[in-house]
Amino acid sequence: MKLQLIKELLLSLSILGMSCTALASDNDDGEYYNMLLDEDEFSSVDIDYNSYIHRDPNLHFQGNSTIKDVLEYPLFKDFARFLVPSLDKDALGVTLDNLQKLMPYHRNISIENTLEVLDHLESDIKAGKQVFYPIYDELQQKENPELKDTGFFFIRGKLRAPYAVVVSGGYDYRSVLHEGFPLALRLSHCGYNVFVLVYRQKSAQKGSLDLMNALNQIDWHARQFGVQKENYSMWGASSGAQVIIAVTHGAENAIRQGKLTTRSVANIFEYPISFYASYADAPTYVVVGQNDKIINSTVLKSSVANLQKLELDAKYIELPRLSHGFGLGEKREKEDWVQDAINFWKQNMVE
């Protein structure tokens, strides 16, 4: 089942023509940064992986709360279905500390991260803040009901700071509690504003349209959100990375046609399934697990090397022990790839 889904995703990507100008070779020629882990590079850490920023005992969710509890929580009624991996009847009784049962492509799922996410959303709502925004208006949703399954969450950082857009993977289920919000919170704790995308599943093409429309909404309303319009980055995991790649490789035409307003200054990809270098790419950071059996590390290394040949800033990171779907990773300070990726983003910001 798992292999079949992956094959279907790869087929859909090939149909989309996402390879564009395929410059990657089957060898490892070229320079890339292969880290297992370099202590000097990761000596400066200012965020803590799996610790709480706050944990209010009066807040609603605990480890033994179920998927059904999340779906039925009144404060989450407008968006609860986007938080959980599955809406199937068999999933309703699964507890939050057992999400692994519903997320077979993912590892290192942390109950601490899950509860921190739900606490944060609950706290913002109780403070009168809007946390979820639709991408499409009511008329668009009426004409195309599947557009109801889209939107984005806003995790606030510092006022007028740059923003990141986070696109989680999962392909046939939602992984935002593992790959989306925990990363968003880490970025917001560093002062950045973050938008977590909810896009149509199982289709990189439809997902890319949702991402483009979300980017335009954020750009048009940047002042209301209190975010800096320039210098935004996109962070994508697995199939979410493929959605970003589709937008990036088509950005020039989309901007020319008025379908997209701006381009990102950096893209950060966690274990992308398929990525070939193109002149259309933004500066690109790729991080994978050493034990990932799904991605093709040879192709990814070559693609990063080819980006460097195109004089685009690019970096390849390989983390020991980790497999596909690791999210933030393990509780090890030296494995703070997030801070390293933030530094990469900052280096590519423009004045």
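Evaluated against (1) under 30 Å from R321 (Cβ atoms); (2) touching a residue at least 60 places away in the same chain (Cβ under 8 Å); (3) open to solvent by 30 Å² or more (accessible area, probe 1.4 Å), T114 falls short on exactly one condition, (3).
Within the stretch 283-326, being part of a loop (DSSP other than H, G, I, E, B), farther than 25 Å from S175 by Cα and either of a type in the set (S, T, Y) or in contact with a strand residue (DSSP E or B) (Cβ under 8 Å, 6 or more places away or on another chain) (or both) holds for P283, L312, D313. Going by the conditions given, is V194 open to solvent by less than 20 Å² (accessible area, probe 1.4 Å) and in contact with a Leu (Cβ under 7 Å, 6 or more places away or on another chain)? Answer is yes for this residue.
Against the numbered list (1) surrounded by fewer than 23 Cβ atoms within 10 Å (Cβ to Cβ); (2) in contact (Cβ under 8 Å) with a residue 24 or more places away in the chain, Q257 comes up short only at (2).
Within the stretch 277-294, work out how many residues are open to solvent by 20 Å² or more (accessible area, probe 1.4 Å) and under 19 Å from the mean Cα position of the chain (by Cα). Looking only at that region, the number is 2.
In the stretch 120-136, how many residues are over 27 Å from G191 (Cβ atoms) and open to solvent by 80 Å² or more (accessible area, probe 1.4 Å)? Within the stretch 120-136, residues that are over 27 Å from G191 (Cβ atoms) and open to solvent by 80 Å² or more (accessible area, probe 1.4 Å) number 0. Just one residue in the set L260, L187 is among the hydrophobic types (A, V, I, L, M, F, W, C), closer than 17 Å to Y163 by Cβ and part of a loop (DSSP other than H, G, I, E, B); that residue is L260. Among the residues of the stretch 309-321, is there at least one that is among the basic types (K, R), in contact with a Gly (Cβ under 8 Å, 6 or more places away or on another chain) and at pLDDT 95 or above? Yes. Considered as a group, the residues in the stretch 140-191 that are of a type in the set (D, E) and more than 10 Å from the chain's Cα centre (by Cα) include one that is surrounded by the fewest Cβ atoms within 10 Å (Cβ to Cβ), and that residue is E143.
Only a single criterion out of (1) within 21 Å of the chain's Cα centre (by Cα); (2) open to solvent by 40 Å² or more (accessible area, probe 1.4 Å); (3) within 30 Å of L319 (Cα to Cα) is not satisfied by D97, namely (1). Look at (1) of a type outside the set (S, T, Y); (2) more than 23 Å from G170 (Cβ to Cβ); (3) surrounded by fewer than 20 Cβ atoms within 10 Å (Cβ to Cβ) and you find that V265 fails only one, number (3). Write out, first by first residue and then by second, each pair whose Cβ atoms fall under 7 Å of each other, whose residues are 6+ apart or on separate chains, and whose first residue, in the stretch 75-103, is without any contact (Cβ under 8 Å) to a residue 12 or more places away in the chain while the second is among the aromatic types (F, W, Y) and surrounded by fewer than 19 Cβ atoms within 10 Å (Cβ to Cβ). From the stretch 75-103, the pairs are A80/Y73.
Taking the stretch 200-251 as the range and being open to solvent by 10 Å² or more (accessible area, probe 1.4 Å), charged (D, E, K, R) and either under 17 Å from T262 (Cβ atoms) or assigned to a loop (DSSP other than H, G, I, E, B) (or both) as the test, the residues that pass are R200, K202, D219, R223, K229, E230. Among the residues making up the stretch 75-94, a single one is β-branched (V, I, T) and surrounded by fewer than 20 Cβ atoms within 10 Å (Cβ to Cβ): V94.
The values are calculated or read from the model by the stated rules, or taken from the named source; none is laboratory data. Given the structure is predicted, the values throughout are model-derived calculations rather than measurements. Positions of Cβ are generated from backbone atoms using ideal geometry, with glycine treated the same way; all protein chains shown enter the neighbour counts. Keep in mind that these areas ignore ligands, DNA and RNA; they rest on the heavy atoms of the full protein, side chains included. Shrake-Rupley method; radii C 1.70, N 1.55, O 1.52, S 1.80 Å.
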